[in-house]
Amino acid sequence: MKPLQASSGDLNADRRADFAEMLLASGEPAQAAELLLGALELAPQWAAGWFRLGEMQEAAGLPGEAAQAWAMALKLEPADRLGAALKLQLIGKAPAAAAPPSAFVETLFDHYADSFEDSLVQKLGYGLPDFLEGAIRKARPGRFRLALDLGCGTGLMGERLRPLVDRLEGYDISAGMLNKAKAKAKGIYDRLAKADLQHFSYTGAKADLVVAADVFIYLGALERIVGAVANILADGGLFAFSLEALAGGGDFALLPSRRYAHSEAYARRVLCANGLAVLSLESMVIRHDRHDPVEGLAIVAGALAAAAEVGNPAMA
């Protein structure tokens, strides 16, 4: 899925771009890039065209030219809804950043909202909400007074949380996703609000449960969000979340998918720094990507003191 579909505004340029896509689909990326470059001569301000040119050049084994195209896309569209900065990072032409551009994440999910549930559940084998629900029930049987669903999307996690909670609030960066969640027939959420989790703050009542299912893959560094969650949690509250598992060393890394993977050691360290400890941690396949399993971690955390009282072995 391309992150932004847009016309160049020039009919002839659009026709050339369409032919370029046909060439790419037929396995001729170099010829496709050459044709699209011709289209961009007619529409030089078309940021999405420059971004797509970079993808074609990358496929043709021309990383230097791809970097120039993505740099042009970023110059024309500094908010970076296209995610050009991430592409430049992945080929070593820009320094690693702690987080993706917020505009990229918002645009990606606004564009994806209509097909989100069908693609994720039916095609990618997404079973994380069921898995996290089970982990939450094991960590603390019974009901929760207030739960926050961070990065709630269309409400897949919220559907599992609703039977467990008295009040459920959902937050997401994408207005398109929130509209889908509002349209759910059963009225899952008591409140839905637009929020960028990179800068999340909350002034309501303390929450007994905070959940972030398949969300941190679009955040990168976790220090700020985990600190915010720690301030939100009531005494005895739980924080349940997932990570895409990072193979090898390091804290977190940007993957070719433009998602972030995190290490278990990093997650434990950030939790501990904010007075939280792992109550349960399980490895699982979060979803499939191009038919390959995506390995991840499902984690439930709580206050260090509470974990110590129950002598939880997962703290070790």
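Of note:
- Hey, LEU146 modelled with pLDDT of 95 or more, assigned to a helix (DSSP H, G or I), open to solvent by less than 20 Å² (accessible area, probe 1.4 Å) and in contact with a strand residue (DSSP E or B) (Cβ under 7 Å, 6 or more places away or on another chain) or not: no
- Pairs where the first residue, in the range 174-197, is within 18 Å of PRO163 (Cβ to Cβ) and the second is open to solvent by less than 80 Å² (accessible area, probe 1.4 Å) and β-branched (Val, Ile, Thr), C-beta under 8 Å, 6+ apart: ALA181/THR154; ALA181/ILE188; LYS184/THR154
- Test for SER174: is it in contact with a helix residue (DSSP H, G or I) (Cβ under 7 Å, 6 or more places away or on another chain), closer than 21 Å to ALA99 by Cβ and open to solvent by 40 Å² or more (accessible area, probe 1.4 Å): no
- Those residues of the range 117-143 which are assigned to a helix (DSSP H, G or I) and at pLDDT 90 or above, in sequence order: PRO129, ASP130, PHE131, LEU132, GLU133, GLY134, ALA135, ILE136, ARG137, LYS138, ALA139
- Summed over the range 261-296, the residues that are under 17 Å from the mean Cα position of the chain (by Cα) and touching a residue at least 60 places away in the same chain (Cβ under 8 Å) give a count of 6.
- Screening the range 152-239 for helices (runs of 4 or more DSSP H) wholly inside it with 1 or more residues that are within 24 Å of VAL278 (Cβ to Cβ) and of a type outside the set (D, E, K, R) returns the ranges 156-161, 223-232.
- Taking the listed residues SER257, SER242, SER201, the one that is open to solvent by less than 30 Å² (accessible area, probe 1.4 Å) and among the polar types (S, T, N, Q) is SER242, with no other qualifying.
The values are calculated or read from the model by the stated rules, or taken from the named source; none is laboratory data. Note that the structure is a prediction, hence the values are computed from the model and not measured. Here the Cβ is made from the backbone with ideal geometry for all residues, glycine too, and neighbour counts use every protein chain on show. Protein only, heavy atoms only, side chains kept; ligands, DNA and RNA dropped before computing areas. Shrake-Rupley method; radii C 1.70, N 1.55, O 1.52, S 1.80 Å.
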